[in-house]
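The values are calculated or read from the model by the stated rules, or taken from the named source; none is laboratory data. Here the structure is a predicted model, which means the values were calculated and not measured. Glycine also receives a Cβ, built like all others from the backbone with ideal geometry; neighbour counts cover every protein chain displayed.
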Amino acid sequence: MGYLNKERILVIGACGQIGVELTLALRKIYGEGNVVASDLRDEHELLKGTGPYVSLDVMNKEMLHVLVIRHNITQVYHLAAILSATGEKNPGLAWHINMQSLLHVLDVAKEESLHKVYWPSSIAVFGPGSPKQHAPQHTIIEPTTVYGISKMAGERWLEYYHKRYGVDVRSVRYPGLISYKSAPGGGTTDYAVEIFHEALEEKRYTCFLSEDTHLPMMYMPDAIRATIELMEAPAEKITVRSAYNISAMSFSPGEISEAIRKHIPDLEVDYIPDYRQEISDTWPQTVDDSQARADWGWKPQYDLQRMTADMLVNLRPGFQ
Ligand code: NAD
Ligand code: AKB
């Protein structure tokens with residue numbers, strides 16, 4: 001494991017839903033001082049005192065480049081993005097930020113010969129023409145949201161930089177992620193986090209998706225493990241240089257409500273679908289992750305029941 005200590009990692013977007021937990025996990029593996037967290041926002045409470053933090057706007061390429069050189073960075077995890085729901089409110093801005101930031105990271109990776117780059121894609125690359133069940137790794141990819149279009153284009157850029165310049169890029173298409181440490185940031189799947197907070201505080205939740213909208217979902221510990229396992233897999237095992245499908249569970253608002261009611265029987269849920277319903281209707285209900293399983297041994301550990309119990313206990317210690 002000696003090579004791990006030689007790596008110097010930059011996490012961009014470290015104060016977001018994934019960034020906080022990923023930064024903490026990377027610091028455990030690589031050493032606190034070797035993982036530099038960065039974001040536009042003030043440092044997240046959970047990151048304070050756990051390692052170096054710098055303010056970075058990834059849209060400023062020169063600032064990014066200087067930071068990479070100054071901190072002897074060898075790997076970048078680029079998590080900054082505008083997610084699906086927020087993206088539909090300002091499509092031009094979402095496209096600009098999601099694309100330009102990725103190109104800045106890929107260019108700096110090429111120019112500084114970084115060892116590896118991680119950039120997540122999403123199930124949002126799929127569209128109405130993709131199969132609804134077990135959406136394959138390679139299938140019709142015709143997204144209808146600006147977020148999905150930016151993820152589709154981003155996947156193509158990853159493959160391009162890998163083939164043309166030899167940059168070791170790695171990526172997964174995350175499903176909707178559920179976490180208790182940091183809040184989600186403007187996605188269509190955010191309801192699956194909000195419902196836990198409202199169930200505990202109000203015993204009542206109004207959901208912005210319909211009761212039977214099934215979507216692929218994953219608990220954050222599985223997502224963090226998938227990310228690190230993919231990044232640590234030997235390069236020759238990685239046959240997909242766009243982004244791997246990964247899967248853990250699929251449920252609807254009605255089904256997660258039932259799972260929470262096993263712990264909070266008097267939870268009441270209303271359904272008032274808004275513009276996010278239209279987005280979710282274009283995404284698959286389940287994805288086929290057999291390529292990730294075969295190439296680097298991906299396997300989820302949390303299903304709906306186990307995730308629900310863990311969320312409730314962590315949001316309210318002592319909760320049964
Ligand atoms: P998030 O919105 O919670 O966090 C993104 C972070 O990036 C924020 O802290 C924000 O301040 C920061 N940021 C935004 N613009 C920046 C800039 N110009 N410079 C520096 N930092 C900037 O997002 P997340 O949920 O943590 O998602 C991280 C990545 O994972 C994104 O690419 C997202 O598309 C992808 N993803 C997330 C999910 C999910 O369910 N959370 C699912 C699929 C894919
Ligand atoms: C979103 O809903 O935008 C994200 C995602 C699935 O990419 N959670």
Hey, among Y180, Y174, Y165, which residue is within 17 Å of M249 (Cβ to Cβ), at pLDDT 95 or above and more than 10 Å from ligand 2 (Cβ to nearest atom)?
Y180
Condition first: under 14 Å from the mean Cα position of the chain (by Cα), over 13 Å from I18 (Cα atoms) and among the polar types (S, T, N, Q). Now tell me which residues in segment 142-192 satisfy that.
S171, T188, T189
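Look at K110 and say whether it is more than 16 Å from ligand 2 (Cβ to nearest atom), among the charged types (D, E, K, R) and surrounded by fewer than 20 Cβ atoms within 10 Å (Cβ to Cβ).
yes
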Of the numbered conditions (1) within 13 Å of ligand 2 (Cβ to nearest atom); (2) more than 28 Å from R156 (Cα to Cα); (3) buried (at least 21 other Cβ atoms within 10 Å of the Cβ); (4) among the aliphatic types (A, V, I, L, M), I256 fails exactly one; give the number of that condition.
(1)
Selection over segment 1-49 where residues are β-branched (V, I, T), surrounded by 17 or more Cβ atoms within 10 Å (Cβ to Cβ) and either over 18 Å from L64 (Cβ atoms) or under 18 Å from the mean Cα position of the chain (by Cα) (or both) yields a count of 6
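A quick yes/no check of all residues on (1) farther than 29 Å from Y161 by Cα; (2) touching a residue at least 24 places away in the same chain (Cβ under 8 Å); (3) surrounded by 15 or more Cβ atoms within 10 Å (Cβ to Cβ); (4) not acidic (D, E):
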| position | (1), (2), (3), (4) |
| --- | --- |
| F196 | yes, yes, yes, yes |
| E211 | yes, yes, no, no |
| N245 | no, yes, yes, yes |
| S252 | yes, yes, yes, yes |
| D274 | yes, yes, no, no |
| I279 | yes, yes, yes, yes |
If a residue must be farther than 17 Å from L103 by Cα and exposed (fewer than 14 other Cβ atoms within 10 Å of the Cβ), how many such residues does segment 50-74 contain?
4
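Every residue, every condition in (1) within 15 Å of ligand 1 (Cβ to nearest atom); (2) part of a loop (DSSP other than H, G, I, E, B), yes or no:
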{"position": "S101", "(1), (2)": "yes, no"}
{"position": "Q137", "(1), (2)": "no, yes"}
{"position": "E142", "(1), (2)": "no, yes"}
{"position": "I149", "(1), (2)": "yes, no"}
{"position": "E159", "(1), (2)": "no, no"}
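Look at segment 105-128 and say how many of its residues are of a type in the set (G, A, S), in a helix (DSSP H, G or I) and within 14 Å of ligand 1 (Cβ to nearest atom).
1
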Residue pairs, Cβ under 9 Å, 6 or more apart or interchain, first in segment 39-65 and under 14 Å from S182 (Cα atoms) and part of a loop (DSSP other than H, G, I, E, B), second modelled with pLDDT under 95 and among the small types (G, A, S). List them.
H44/S182
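So how many residues does segment 154-168 have that are exposed (fewer than 14 other Cβ atoms within 10 Å of the Cβ) and either under 19 Å from S122 (Cα atoms) or in contact with an Asp or Glu (Cβ under 8 Å, 6 or more places away or on another chain) (or both)?
Here the count works out to 1.
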Residue check for L158: modelled with pLDDT of 95 or more, of a type outside the set (S, T, N, Q) and either within 13 Å of ligand 2 (Cβ to nearest atom) or over 24 Å from P300 (Cβ atoms) (or both)
no
